[in-house]
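The values are calculated or read from the model by the stated rules, or taken from the named source; none is laboratory data. Remember, predicted model here, so these are calculated numbers, not experimental data. Every residue, glycine among them, receives a Cβ derived from its backbone with ideal geometry; neighbour counts consider all protein chains shown. The area values use the complete protein model at the heavy-atom level, side chains included, leaving out ligands, DNA and RNA. Shrake-Rupley method; radii C 1.70, N 1.55, O 1.52, S 1.80 Å.
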Amino acid sequence: MEFLARQSRLFCPFLNKTSPATLRALSASPASSNGVSNLQVAARECPVMGAAMAVQSSRSYATSTKPLQFEQSSQAMANETSIDSVHAKAGVFDTSKGICKHGLAVMKAAQAATGEVVEKEASAIKIASTSTKKMQSNTFNYEDFYQAELTKKHKDKSYRYFNNINRLAKEFPKAHTASEVERVTVWCSNDYLGMSKNKEVLKTMRNTLETYGAGAGGTRNIAGHNKHAVELEAALADLHSKESALVFSSCYVANDATLSTLGSKLPDCVILSDQLNHASMIQGIRHSGARKVVFKHNDLVDLENKLKSLPIEVPKIIAFESVYSMCGSIAPIEAICDLADKYGAITFLDEVHAVGMYGPRGAGVAEHLDFEAHASGRPENTIMSRVDIITGTLGKAYGCVGGYIAGSAKFVDMIRSLAPGFIFTTSLPPSIMAGANTAIEYQKMTIRDRAAQQLNTRYVKSKLAELDIPVVPNPSHIVPVLVGDAETAKIASDMLLERFDIYVQAINYPTVPVGEERLRVTPTPGHGTKLADNLVNALETVWTELGIKRVKDWEAVGGLAGVGVKEAKPVQPIWTDAQLGLTPVTGVQADNVVVEKETITAIPIEAAA
C-alpha cells in the first residue's frame, strides 16, 4: 500500500500537495446527507478519477437487482442500503426491465467519456500503424535482394543447376540418376583413379568405422586427435619428403588457413599470386590482409619484374598451383623456385589436382619432374625438396575427403598453433583418415592406375582432335572442351545426359572467364575404349546439331584459350612414353596397351579394384 501511495503522489497533483491527515479528514466528513464524503466530491472533479467513478456508477445502475440471498450476512452488509431502496426513495419502484433513467443518464456520460478515450486510442493506434508501415517500407528487403542476385545469374546464363548423380562403387564409372534403374556414365569426376571404390580402401574404412565409430568427437584440440591422424600425417610427410604435415577438413580450408595465417604474421608480407590461382588461395590472401601482387599465368618474366620491385628484405610468398584444373596447364615449378631463391621468397605450391596423379609414388608434379631420382628413393636435392610449402587434397585422386599441408616442422607447428581454420574445426572421422592413408600407401606402391589414366586421356584427346572438336591444349590429364558460351554449354551438357546417358557438367563463370565456358572431361582408368568412343561420337553429334565452333572456327577469329592459335607449338604430355612403360620397338606396354606411330589405338584394361 505504501508503494501505491508513493506512486499515486507522483502522478496526482492533489494527492501530492495534500497531507495524509487532511486526506483522512476529508474521507471521514460527509459533504451532504446522502453519505458522500468530501474526498469523493473532490475526486469527481478530477478528470481521471471522475471518469472512472462515472463508469463504476453506471455499472451499479445498469441492471435490475433482486434481493441478495445470503446464508450468512455480516452486520455491515445488513445495514447497507440496497439499490432498490435508493430507487424507491427516487420514486422508481420497478427496475426489473432494465436500466433506470438515473443509471441511463450516468451510463451515457460514462460512455461519452469512454468514447473520447477510445477515439483517442484508435487514433494513436492508426498513427502508430501508419508509422510502422512507413518504417517497414524503408527497411532493407532481403528477399528482393536474393531474387535480384539470382535473376542476374539466370540472365547471364551462369546459374548453376545440379544433377542428381549417384556414383556406383561396383559399377564405376557408372552412376544412377534420381531413378535407381537409370544408368549414366560419369565423365567429369575428380575421383581421377577410382580410389573411392578401391577394395583395400573400403575394407580399411569398414573396419575402422565399426571399431571407432562414425565421428571424431571434436576438434583435434579437444577430442579429435587419434592414431589415425598421426599415421596419416606421417604418411603425407613421407610422400612429399618433408619434415611434417597437417591434415585439415578440406584443401580449401588448408589453403585459406595457411595463407591467411602466414600473410598476417609475417611482417609487411607480400604475396605474389598466379592469375589463375584457385579461389581458396585468393580467399586466404584476402583474409591475411597482406599486400597482394598478381602475376600473369605461368609468366616468369612478369613474375620476376614484380619480385624486382620489392625490397629484398621484405617477406614474400609465391603462391601457385602445379596443375590448373580448368585449363590443364602445368606450372614451371623449377624456374619459380629459382626466382624465389634469387629474390628471397618462399614457395607455396598447391598440388591438389596432381597428388596421386604424377610421380613414381604419386606425390605430384614436383616429384614427377625428377622421376628417376624419386623412383630410386633419392629425394634429396630435387625440385620437390626446394618447394617450401606443399598443399594437397585427399578428396580427388585418393578418393576420400580432406586436405593437408606439408613442410618444415617449425612451419607446420606454427600453423597448427595459430590457424583458426585448424583449431576450431572438427577433425575428420577416423574411418576417413584411415581410408585416405590406405589410398596413399596403395598409390606409393604402383603407377598402374596413373599410367592407365594418362593413356585414356591421350586416347580421348586424339579422337577429339580428329573431329576438330576444340580441346584447350595442355600436358596434363584434364580434357577441357571449349564451348565459348554459357547457355550453349548448359544445353550441350543437358543433351549429353538426356540423349546419350553421359554426364559432363558445364563449367562457367566464375570458375572460368566469361566467353571461355567449357565441358571439362576427366578420363579415369575405368573409361575403356567403348566408353571413350561413345563419348566422342556423342560430342560430335552435339557439336553438329548446336553449331558449336570447332578448331578451324576459332582459328578464323584469332584463337581463344589456346585453341586455334596459329603456329602454336604442339604441347607434349608431361608423362613420357618411357615413364608409361611404352617400348620404342614394339609400342607395347604392360597390360596389352598398344601405341603405334604416336597414335594410341587401344585403351588399357580397367584399373585394379
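If you take all other residues with their beta carbon under 13 Å from the beta carbon of V314, and give Lys and Arg +1 and Asp and Glu -1, the sum is +2.
Accessible area, 1.4 Å probe, largest first: how do F145, F140 sort? Show your work: numbers first, answer last.
Values: F145 95, F140 125 Å².
From most exposed to least exposed: F140, F145.
Relative to its residue count, the range 446-532 spans a Cα convex hull of 105 Å³ per residue. Highest mean packing first, where packing is the average number of other Cβ atoms within 10 Å per residue, the peptides 180-191, 328-339, 570-581 line up as 328-339, 180-191, 570-581. Please tell me which of these pairs span more than 23 angstrom C-alpha to C-alpha: K242/K444; K174/K227; K292/K566; K296/K316? Those over the limit are K174/K227; K292/K566. For E243 and S137, a Förster radius of 60 Å and the Cβ-Cβ distance give a FRET efficiency of 0.45, rounded to the nearest 0.05.
Given +1 at the Cβ of Lys and Arg, -1 at the Cβ of Asp and Glu and no other charges, the dipole of the range 464-587 around its Cα centre is 260 debye to the nearest 20. Remark: relative contact order (the range 329-436) = 20 percent; criterion is Cα-Cα distance under 8 angstrom and separation of 6 or more residues.
Each of P523, T544, Q505 was scored by the projection of its Cα onto the charge dipole of the range 497-545, and the greatest displacement toward the positive side belongs to P523; charges sit on the C-beta of Lys, Arg, Asp and Glu.
Please sort 166-178, 271-283 by packing, taking for each peptide the average over its residues of neighbouring beta carbons within 10 angstrom, highest first.
Working: 166-178: 15.5, 271-283: 19.8.
The packing order, highest mean first, is 271-283, 166-178.
Please report, largest first and rounded to whole Å, the three semi-axes of the ellipsoid equivalent to the range 201-300, where each semi-axis is the square root of five times an eigenvalue of the C-alpha gyration tensor. Could the numbers behind the result be given before it?
Working: eigenvalues 224, 50, 34 Å².
For the range 201-300, the semi-axes come out at 33, 16, 13 Å.
When a 1.4 Å probe is rolled over the protein heavy atoms, the share of accessible surface on the range 221-380 that falls to carbon and sulfur comes to 52 percent. Give the carbon-plus-sulfur fraction of the accessible surface of the range 470-514 in %, rounded to a whole number; probe 1.4 Å, heavy atoms of protein chains only. Here it works out to 52 percent. Rolling a 1.4 Å probe across the protein heavy atoms gives the range 219-354 an accessible surface of 38 Å² per residue.
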